[in-house]
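Note sheet for the following structure.
Nothing in this text is a laboratory measurement; each read-out follows from the coordinates by a stated rule. As the structure is a computational prediction, the values presented were derived from the model and not from experiment. All Cβ positions, even for glycine, are placed from backbone atoms using ideal geometry, and neighbour counts span all protein chains on display.
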Amino acid sequence: MASKELLKKMLDAPIYMAPNTYLHFYNGGKLRAEFVGEPDPKDDYRSEEWMFSTNRAITPGRENPPDKGFSRVQLPNGEIVLLKELLEEFPNETLGEAHYKKFGANLGILVKIFDVGENAHIPVHWHPSPQFAKKYLNSPYGKNEAWIVIGTRPGAKAWIGWKEDINIDEFKKWLEAQDVQTMRAHMHEIEPKVGDVIFLRDSFVHSLGSGLCILEPQEPTDWNILAEWEGYPFGKNDGTLGLDWDTALEAADFTKMSLDYLNNYVRRTPVIARQSDGNVEERLLPEEAKPYFQLSRYKVKTKIDVPRSKGFHCLTVTQGSGMLHGSFGHVPIKRGKSVFVPACLPGYELVSDGEGILEVVYFFPPELS
């Protein structure tokens, strides 16, 4: 445990997040490593980085130590500690009294980067709703999520939702036969591009192919029900969250997803919240996302103020460089860096260094009802 005195010093300014990767069951990591500035980036199964998390990660077929997934920060003396330590020692200062009262010393959101490497893919799978999780998983959280595409390789594709209603008994046959090709043939195929935003509600069946690097905010769980196991370090019953398959299938939506819904709701068109002098704030998600998380994207040519009405937040720089400028001084930022801004800090400015557009994605916790 870090000393209280050292932890308290962290509250004087925005806090850089420390690296936090681990081995996953699917190969990848090269684009993720390039994005965050690691030397010698390569696909080495370190395909995920959980930058902003108070959740434990549990990966089928891999070792799962008790602190796996929990975000790290670096203390002024260079020591790396769990962000959770800071939140527990100073919950009101870091999270705000109202958030702490509702969620405890937890973020209420999880933000990560994942990268699907060459000749790899993320299995056909789906996530439970909060209602399903409450009934079967003893959790108030499901796994609604969003994707912000930050890197691609040639031929990158994803599959989301069904072209037509799917008979569950027919799907069970595909499942038993591990007929992934047929599953995907019945799903909408898309080719995401860098900058695209996708809002993926719970229960939507989906899969990601090789070549996609995604910045992903989500509900604070690692709930995944995996319809593929051949070729992975786990078996048929290891990817059902401990449920039997009939129950696990109840968490999936097997109804048709219309193209209009896919292209005009799931695939997002950012809404301009404000703009001036070439500086833009975009709102990325619909109102329905507010109980889970909220997203904004800033595109800064010179500078723009960041309102503090939503409390604590995390940000990740997706393009360019600049600084956070406030009463705390200057905090340099650049592409690939993630920063936690505690609730106790006042408002500040987001400032470009003038060498091009500074683009930053902001992640806010669930709206307090």
### Message
If I model a spin label at residue 246 and residue 12 as a point 7 Å from the Cα along the Cα→Cβ vector, what separation in nanometres do I get?
### Response
6.2
### Query
Each residue of the stretch 296-308 in order: what ³J(HN,Hα) in whole Hz does its phi give by Karplus 6.51 cos²θ - 1.76 cosθ + 1.60, θ = phi - 60°, with x for Gly and Pro?
10, 10, 9, 10, 10, 8, 10, 7, 8, 7, 10, x, 9
### Backbone HN-Hα couplings from phi across the stretch 8-25 [Karplus 6.51/-1.76/1.60, Hz, Gly and Pro as x]
4, 4, 5, 7, 7, 7, x, 10, 5, 7, 8, x, 7, 9, 7, 6, 10, 8
### Query
How large is ³J(HN,Hα) for each residue in the stretch 235-240, as worked out from phi by the Karplus curve 6.51 cos²θ - 1.76 cosθ + 1.60 (θ = phi - 60°), to whole Hz, x for Gly and Pro?
x, 3, 9, 8, x, 10
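I need to check one value: relative contact order of the stretch 1-153, counting alpha carbon pairs closer than 8 Å and at least 6 residues apart, in percent. Let's see the in-between values first.
Numbers: 251 pairs, mean separation 37.4, N = 153.
Answer for the stretch 1-153 is 24 percent.
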### Query
How about the stretch 229-303: which chymotrypsin sites (Phe, Trp or Tyr not before Pro) there are in a DSSP loop, with at most 14 other Cβ atoms within 10 Å of their Cβ?
none
### Message
Which residue, 53, 103, 80, has the largest displacement toward the positive end of the dipole of the stretch 30-110 when charges sit on each Cβ (Lys, Arg +1; Asp, Glu -1)?
### Response
103
### Task
Tell me which residues come under 5 Å, amide H to amide H, from residue 367 once H is placed; ignore anything under 5 positions away on its chain.
292, 293
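Using a ≥ b ≥ c from the Cα gyration tensor of the stretch 272-364 (square roots of the eigenvalues), is it rounded, prolate or oblate, where a/c under 1.5 gives rounded and otherwise the larger of a/b and b/c decides, a/b for prolate?
Working: a/c = 1.61, a/b = 1.23, b/c = 1.31.
In terms of gyration-tensor shape, oblate.
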#### Entry: the stretch 121-269: Lys pairs at Cα distance under 21 angstrom, eight or more positions apart or on different chains
12
### Message
With the crude spin-label approximation of a point 7 Å out along Cα→Cβ, what separation in nm comes out for residue 88 versus residue 310?
### Response
2.9
### Query
Under 18 Å from the 7 Å Cα→Cβ point of residue 276, by amide nitrogen: which residues of the stretch 331-348?
347-348
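Compute the longest continuous run of the chain that contains no exposed GluC sites (Glu not before Pro); treat a site as exposed when its DSSP state is not H, G, I, E or B and it has at most 15 other Cβ atoms within 10 Å.
Result, exposed sites excluded: 231-354.
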### Query
Efficiency by 1/(1 + (r/R0)^6): what FRET value for residue 259 and residue 232, r their Cβ-Cβ distance, R0 = 25 Å, to the nearest 0.05?
0.20
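Given an 8 Å cut-off on Cα distances and at least 6 residues of separation, report the relative contact order of the stretch 272-364 as a percent.
Details: 218 pairs, mean separation 32.5, N = 93.
Result for the stretch 272-364 is 35 percent.
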## Note on the structure
Output for the stretch 304-360: chymotrypsin sites (Phe, Trp or Tyr not before Pro) sitting in coil per DSSP, at most 16 other Cβ within 10 Å, listed by number, reads 328
### Task
Mind running the shape call on the stretch 121-269? Use the C-alpha gyration tensor, a ≥ b ≥ c as the square roots of the eigenvalues: rounded below 1.5 for a/c, prolate if a/b tops b/c, oblate otherwise.
rounded
### Task
Within the stretch 203-275, report the trypsin sites (Lys or Arg not before Pro) that DSSP leaves as loop and that have at most 14 other Cβ atoms within 10 Å.
none
### the chain: angle of helix 168-177 to the longest principal axis, Cα-based, in degrees nearest 10
90
### Task
Report, in debye and to the nearest 20, how large the dipole of the chain comes out about its Cα centre when Lys and Arg carry +1 and Asp and Glu carry -1 on their Cβ.
720
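How many lysine pairs in the stretch 272-364, separated by 8 or more positions in sequence or lying on different chains, have Cα atoms less than 16 Å apart?
Details: 290/310; 299/334; 299/337; 301/334; 303/334.
So the count of such lysine pairs works out to 5.
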### Task
Quick one: order 337, 310, 4 by neighbouring beta-carbon count within 10 Å, fewest to most.
4, 310, 337
### Given charges at beta-carbon only (K, R positive; D, E negative), |dipole| of the stretch 121-269 in Debye
420
### Query
What is the distance, in nm, between label points placed 7 Å from the Cα along the Cα-to-Cβ direction at residue 138 and at residue 194?
4.5
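Please label the shape of the stretch 1-84 as rounded, prolate or oblate, based on the square roots a ≥ b ≥ c of the eigenvalues of the alpha-carbon gyration tensor (a/c under 1.5 means rounded; beyond that, a/b larger than b/c means prolate, else oblate). Don't jump to the answer; show the numbers that get you there.
Values: a/c = 2.96, a/b = 1.61, b/c = 1.84.
It comes out oblate by the Cα gyration axes.
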### Query
Which lysines have a Cα lying under 22 Å from the Cα of residue 8, excluding residues fewer than 8 positions away in the same chain?
84, 101
